[in-house]
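Okay, structure first, notes after.
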Amino acid sequence: MTAIRIEPVVENLSPQLSDELGFGRQFTDRMFMHRYSEHEGWGEPTIGAYQSLVVDPAAAALHCGQMVFDGTKAYRRSDGDLNLFRAEQNCRRFNRSAERMGMPEVDENLHFEAIKTLVSLEHRWVPDVEDASLYIRPVLIATEPVLEVRASREYLHYIIVSPVGPYFADGFNPIAVYVSHDHVRAVRGGTGEAKTPGNYAASIAISESAREQQCQQVLWLDALERRYIDEVGAMNIAFVYGDREIRTPPLSGAILHGVTRDSVIRLAPDLGYTMNESRMSIDEVWRDIENGTITEAFGMGTAAVIAPVGRLVMQGREVTLNNHQSGPVARELYNVLTGIQYGRREDSYGWTTRVATNQISSSAAAD
Ligand SMILES: Cc1ncc(COP(=O)(O)O)c(C=O)c1O
């Protein structure tokens, strides 16, 4: 594995973290960059100052959208070190996304090393407040200036990090979800399994109209029959039947292989739940919420971890779950997962990687 060059950077010694951190609005002093060209292969990987990118206006990413990204987090432990949570799964998914979009793979070991080094150098940016963390955003973009629709011959792989607060301003409170019939997100065989910006761009118009109806997220139905539940916004979704059974839609080829979803599938049986991956139609789910068979629903994703659903809105009708309160199953899963992530709970699954924060950084201190 090629060694990462660490350039001196003028550090902001005491970062000004705004009271309302929000999600991905502030960025730290440094970033990782690694360029690729078909002729020369990968160049020297570098961690240097956070900076604007100089990208040719004809760069393929800006025209064909040949671009992928991912997202994971570093959590502050009570001893001051940081924990990464299953970040190697994100490295693997990053390469699967790249493959789907006809892009070169990155060296997964180097990518993981870059994440560890970057968060260790930027640890002062991890906010010391409840439920806050450092969000890690790796990106791969096609930089060759070419308008032809074909694979670019040049790429930039970079990683930026951002101190984040809880994803939803209201914290662990139920969200309202708008069921989309007119707009679909992804189709089997398409790019729904890849984390590529087009999937998210396609969700913006409908998410804005959902917001006008006081819904924070959109529930996506399958693109062919517009009947089966896929996922919710940038989260996978699960439903609780009674108080001991959890069901989530299977990986259909159209939805993202969520790391949080996979963690819930592995955790739930150890907590005494029956876990089922099964296709669920919106009509069946609506009926089961109305007759009380479904007692809770929740989204699963890195940003919110577990987001209880309190209300579904569909074609002028609405239905409430658990009296619009967060339910005990969502709460238990949230507590167990965040307990492991923040190092408050024993990690018997080997999911966390500890990153020491006491290493000496190569920096030029700001006055
Ligand atoms: C479309 C979509 N589904 C599900 C997820 C949840 O995945 P994860 O748990 O890996 O964050 C995400 C977030 O990355 C997403 O963007």
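Taking 8 Å as the Cα distance limit and 6 or more residues as the minimum spacing, I'd like the relative contact order of the chain as a percentage. Mind showing how you got there, number by number?
Details: 768 pairs, mean separation 75.8, N = 367.
RCO, the chain: 21 percent.
Around residue 273, with a cut-off of 12 angstrom between Cβ atoms, what is the net charge of the other residues, counting Lys and Arg +1 and Asp and Glu -1?
Working: positive: 244, 247, 266; negative: 243, 245, 270, 296, 332.
That works out to -2.
How many Å² of accessible area per residue for segment 1-51, probe 1.4 Å? Show your work: numbers first, answer last.
Numbers: 3200 Å² over 51 residues.
Using a 1.4 Å probe on heavy atoms only, each residue of segment 1-51 averages 63 Å².
Each residue of segment 327-338 in turn: what ³J(HN,Hα) in whole Hz from Karplus with 6.51, -1.76, 1.60 and θ = phi - 60°, glycine and Pro shown as x?
Computed from phi, the couplings for segment 327-338 are x, x, 6, 4, 4, 5, 4, 4, 5, 5, 5, 5 Hz.
Considering all projection directions equally, how large on average is the shadow of the alpha-carbon convex hull of segment 248-367, in square nanometres?
On the way: hull surface 50.0 nm².
Over every viewing direction, the Cα hull of segment 248-367 projects on average to 12.5 nm².
Sum -39500 (n - 2.57) across every DSSP H segment of at least 4 residues in the chain, then divide by the residue count to get the 222 nm mean residue ellipticity, nearest 500.
Values: 7 runs with 81 residues, N = 367.
Result for the chain, helices only: -7000 deg cm²/dmol.
With the other protein chains left in place, how much accessible area per residue, in square angstrom, belongs to segment 64-184 at a 1.4 angstrom probe? Mind dumping the intermediate values first?
Values: 4310 Å² over 121 residues.
Per residue, segment 64-184 has 36 Å² of solvent-accessible surface.
When you count, for each residue, the other Cβ atoms within 10 Å and take the mean per peptide, how do 147-156, 289-298 rank with the highest first? Let's see the in-between values first.
On the way: 147-156: 15.9, 289-298: 18.6.
The packing order, highest mean first, is 289-298, 147-156.
Does a label point 7 Å from the Cα of residue 243, set along Cα-to-beta-carbon, have any residues of segment 288-302 with amide nitrogen under 15 Å, and which are they?
Under 15 Å, as judged by backbone N against the label point of residue 243, lie 293-296 of segment 288-302.
Just grab the label-to-label distance for residue 211 and residue 56, each label 7 Å out from Cα along the Cβ direction, in nm (one decimal).
For residue 211 paired with residue 56, the spin-label model returns 3.5 nm.
Whenever you get a sec, compute what percent of the accessible area on segment 290-340 sits on carbon and sulfur atoms (1.4 Å probe).
Details: 790 of 1880 Å².
Of the solvent-accessible surface of segment 290-340, carbon and sulfur hold 42 percent.
Give me Rg over Rh for the chain, both radii from the alpha carbons and Rh done the Kirkwood way, two decimal places.
Numbers: Rg = 21.0 Å, Rh = 21.6 Å.
Radius of gyration over Kirkwood radius for the chain works out to 0.97.
Considering only protein heavy atoms and a probe of 1.4 Å, how much of the accessible area of segment 49-114 is carbon and sulfur, as a whole percent?
Working: 1330 of 2790 Å².
Carbon and sulfur: 48 percent of the exposed surface of segment 49-114.
Pull up all non-local amide H partners of residue 73: gap of 5 or more, or a different chain, and H-to-H distance under 5 Å with H placed in the peptide plane.
85, 136
Taking each pair of distinct Cα atoms in segment 19-116 once, what is the resulting Kirkwood hydrodynamic radius in Å?
15.8 Å is the Kirkwood radius here.
Starting from the Cα gyration tensor of segment 101-178, take the square roots of the eigenvalues, sort them a ≥ b ≥ c, and report rounded, prolate or oblate (rounded when a/c is under 1.5, otherwise prolate if a/b is larger than b/c, else oblate). The partial results should precede the final answer.
Numbers: a/c = 3.25, a/b = 1.59, b/c = 2.05.
The shape class here is oblate.
Quick check: at a probe of 1.4 Å, how many percent of the accessible area of segment 141-247 sits on carbon and sulfur atoms?
Details: 2160 of 4490 Å².
Exposed carbon and sulfur together represent 48 percent of the surface.
Where only protein heavy atoms count, and the probe is 1.4 Å, what is the accessible area per residue for segment 244-367 in Å²? Intermediate results must be reported in sequence, preceding the final value.
Working: 5540 Å² over 124 residues.
Normalised by residue count, the accessible surface of segment 244-367 is 45 Å².
Quick one: grab the alpha carbon gyration tensor of segment 157-255, order the square roots of its eigenvalues as a ≥ b ≥ c, and give me rounded if a/c is under 1.5, else prolate or oblate depending on whether a/b is larger than b/c. Write out the running numbers ahead of the final one.
Values: a/c = 1.29, a/b = 1.04, b/c = 1.24.
In terms of gyration-tensor shape, rounded.
Across segment 51-62, in residue order, what do the Karplus-derived ³J(HN,Hα) couplings come to in whole Hz, using 6.51 cos²θ - 1.76 cosθ + 1.60 with θ = phi - 60° and x for Gly and Pro?
8, 5, 8, 9, 10, 4, x, 9, 3, 4, 4, 7
Once Rh is set to the Kirkwood radius over Cα pairs, what Stokes-Einstein translational diffusion coefficient, in µm²/s, holds for segment 60-198 at a temperature of 10 °C and a viscosity of 1.306 mPa s? Before the final figure, lay out each step's value.
Working: Rh = 16.9 Å.
After rounding, the answer is 94 µm²/s.
For the pair residue 283/residue 108, report the inter-label distance in nm, with labels modelled 7 Å from Cα in the Cβ direction.
Using points 7 Å along Cα→Cβ, the separation is 4.2 nm.
Taking R0 as 30 Å, what's the FRET efficiency between residue 332 and residue 96 from their Cβ-Cβ distance, rounded to 0.05? Write down the numbers at each step before the final one.
Numbers: r = 31 Å, r/R0 = 1.02.
Working from the Cβ atoms, E equals 0.45.
Using the per-residue mean of other Cβ atoms lying within 10 Å as a proxy for protection, in what order, highest first, do the peptides 119-132, 197-210 fall? Intermediate results must be reported in sequence, preceding the final value.
On the way: 119-132: 18.9, 197-210: 15.6.
The densest-packed peptide leads the list: 119-132, 197-210.
How many nm is it between the label spots at residue 188 and residue 39, if each spot is 7 Å from the Cα in line with the beta carbon?
4.5 nm
Provide the percentage of antiparallel DSSP beta bridges, counting only those with both residues in the chain; round to the nearest 5.
Values: 58 of 75 bridges.
Of all bridge pairs located within the chain, approximately 75 percent are antiparallel.
The values are calculated or read from the model by the stated rules, or taken from the named source; none is laboratory data. Keep in mind the model is a prediction, meaning the values are calculated, not measured. For neighbour counting, all protein chains shown are included, and Cβ atoms are generated from backbone atoms with ideal geometry for every residue, glycine included. All accessible areas refer to the heavy atoms of the entire protein, side chains included, with ligands and DNA or RNA removed. Shrake-Rupley method; radii C 1.70, N 1.55, O 1.52, S 1.80 Å.
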